[in-house]
1. Consider only pairs whose beta carbons are under 9 Å apart and that are at least six residues apart or on different chains; among these, list those whose first residue lies in segment 151-180 and is free of Cβ contacts under 8 Å to residues at least 40 places away in the same chain and closer than 28 Å to residue 78 by Cβ and whose second residue is charged (D, E, K, R) and open to solvent by 70 Å² or more (accessible area, probe 1.4 Å).
2. Among residues belonging to segment 42-57 that are touching a residue at least 60 places away in the same chain (Cβ under 8 Å) and open to solvent by less than 40 Å² (accessible area, probe 1.4 Å), point out the one that is farthest from residue 82 (Cα to Cα).
3. Residues 63, 106: which one is open to solvent by 60 Å² or more (accessible area, probe 1.4 Å), over 11 Å from the mean Cα position of the chain (by Cα) and modelled with pLDDT under 85?
4. Test of understanding: among 32, 73, 10, which residue is at pLDDT 90 or above, closer than 17 Å to residue 111 by Cα and either among the basic types (Lys, Arg) or surrounded by 14 or more Cβ atoms within 10 Å (Cβ to Cβ) (or both)?
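The values are calculated or read from the model by the stated rules, or taken from the named source; none is laboratory data. Not measured: the values here are computed from a predicted model. Cβ coordinates were reconstructed from backbone atoms using ideal geometry, including for glycine residues, and neighbour counts include every protein chain displayed. For the accessible areas, the whole protein counts, side chains as well, though only heavy atoms, and no ligand, DNA or RNA atoms are used. Shrake-Rupley method; radii C 1.70, N 1.55, O 1.52, S 1.80 Å.
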Amino acid sequence: MADYQDSTTFTFDRAALCWPVLFQVEPLISAFAWKLNLAATVLSDEGASTYPDIASARATSAALATPPHRVEFYASAQSMKAGVWVVGFGDSEQPAVTIYSDSGLADDFNELHDAVSQFLGRNGVAVTETPAAAAPASAPAKRGLWRWMTNQPMAVQIVGGVIATFLASGIAALIAILVR
């Protein structure tokens, strides 16, 4: 997982604002000039599903038997990623929104931070802000081995491929020797 330069979590007291806060930041994230890819990912009991926008993610989530565990919306381009994730859609869960960005995207992080702060303030929500240094570690999302492998840096993929090739060659040679 990438090291995020900036990360702030806002916890708030109304689960009804989980989707509206995502709709609030969607235009900001969509407007990042450097982005190549936008994705809204819904993590639920049924697994992870990715959508091109928040409206599609919400429409699909409404059909689920249980509320999602986490919804992420981010922009990415090669080695850069910035966006938000929201948890606490269920009745007994603590709603929170985390803003994050990779190194070098401080302006985008500040813009998202201000937008979320103002949105929650306008809605009269009791908010607690936790900077990255004190932010609790969240449970990693279940994403599958293939997705994890393909999200590694190119150098790691190349080294892993070379090692796998040597191991496969060695196993093939051992089988050839044993079969003789």
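1. As it stands, the answer is 151/143, since those pairs meet every condition given.
2. Step one: list which residues in segment 42-57 are touching a residue at least 60 places away in the same chain (Cβ under 8 Å), which gives 43, 47-48.
If we keep only those that are open to solvent by less than 40 Å² (accessible area, probe 1.4 Å) too, we end up with 43, 47.
On the way: 43: 18, 47: 23 Å.
Checking each candidate, the answer is 47.
3. Values: 106 fails: open to solvent by 60 Å² or more (accessible area, probe 1.4 Å).
The match here is 63.
4. On the way: 32 fails: at pLDDT 90 or above; 10 fails: at pLDDT 90 or above.
After applying the criteria, what remains is 73.
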